[in-house]
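Only one structure is covered here, and it is reproduced in the block below.
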Amino acid sequence: MTEQRKNREKLHLLFVEDDEPTRQLLQMATHSVQHNAKVYLASNGKEGIQKHFEFMPDITFLDIQLPDSTGLDMLKFIQQKDPEAYVVMLSANATSTNVQKALQQGAKGFIAKPFTKKKLQEVLEKHAGA
């Protein structure tokens, strides 16, 4: 799985977010800070899992509240099948409990909504240094 990630010229990102305007904002913000990134979008958990394993993104961003699952359940599944996955959680419900659970389950970061381009840039830079 890691060979697919290592042999890329551009960063591949997956945003799993059920809110259409937020997905579009994430995509626009990403292109403004990482011009050549390949961005994949998913609107629910099922689509997110399918796209994660199809495209093997360098970073998967997961919303915690999705219509068909939770981001935390998805995180657990992804970590079991793809232990080298780099997953960052997104949520408007950035309680200390949610943040702590996400990090304990293997998330590499947590972005509270509403997000800023600066926060997105920090995550991309942190991944580059990982």
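Measure off 7 Å from each Cα along the Cα-to-Cβ vector at D68 and E54, then give the distance between these two points in nanometres to one decimal.
1.2 nm
Heavy atoms only, probe 1.4 Å: what % of the accessible area of the chain goes to carbon and sulfur, would you let me know? Walk me through the numbers on the way to the answer.
Numbers: 3500 of 6800 Å².
The value for the chain is 52 percent carbon and sulfur by accessible area.
Using only protein heavy atoms and a 1.4 Å probe, report how much of D68 is accessible, in Å² to the nearest 10.
80 Å²
Would you compute, from DSSP H runs of 4+ residues alone, the mean residue ellipticity of the chain at 222 nm, taking -39500 (n - 2.57) per run and dividing by the full residue count, rounded to the nearest 500?
Details: 6 runs with 63 residues, N = 130.
Theoretical 222 nm ellipticity from helices: -14500 deg cm²/dmol.
Is the range 88-128 rounded, prolate or oblate when judged by the Cα gyration tensor, a ≥ b ≥ c being the square roots of its eigenvalues, rounded requiring a/c under 1.5 and prolate requiring a/b larger than b/c?
Numbers: a/c = 3.40, a/b = 1.30, b/c = 2.62.
Taking the square roots of the gyration eigenvalues as a ≥ b ≥ c, the range 88-128 is oblate.
Can you give me the accessible area per residue for the chain, using a 1.4 Å probe, in Å²? Walk me through the intermediate numbers first.
On the way: 6800 Å² over 130 residues.
Roughly 52 Å² per residue, with all protein chains present.
Can you pull out the GluC sites (Glu not before Pro) in the range 51-130 whose DSSP state is coil and whose Cβ has at most 16 other Cβ atoms within 10 Å?
Values: sites: E54, E84, E122, E125; in loops: E84.
The qualifying sites are E84.
Order V88, V39 by their accessible area, 1.4 angstrom probe, all chains in place, largest first. Could the numbers behind the result be given before it?
Numbers: V88 0, V39 20 Å².
Descending accessible area places them as V39, V88.
Quick one: what Rg and Dmax do you get for the chain from the alpha carbons, in Å?
For the chain, the Cα radius of gyration and maximum Cα-Cα distance read 13.2, 37 Å.
Charges at C-beta only: +1 for Lys and Arg, -1 for Asp and Glu. How large is the resulting dipole of the range 48-130 about its Cα centre, in Debye rounded to 20?
300 debye
Positive end of the dipole of the range 67-125, charges at C-beta (+1 Lys, Arg; -1 Asp, Glu), about the Cα centre: which of T70, A102, A112 has its Cα farthest in that direction?
A112
For the chain, what proportion of DSSP beta bridges, expressed in % and rounded to the nearest 5, is antiparallel? Write down the numbers at each step before the final one.
Values: 1 of 18 bridges.
Around 5 percent of the beta bridges assigned by DSSP in the chain are antiparallel ones.
The values are calculated or read from the model by the stated rules, or taken from the named source; none is laboratory data. All figures in this text were calculated on a predicted structure; none of them were measured in a lab. Note that we place each Cβ from the backbone using ideal geometry, even for glycine, and neighbour counts take in every protein chain shown. When the accessible area is computed, the model is the full protein with side chains, heavy atoms only, and any ligands, DNA or RNA have been set aside. Shrake-Rupley method; radii C 1.70, N 1.55, O 1.52, S 1.80 Å.
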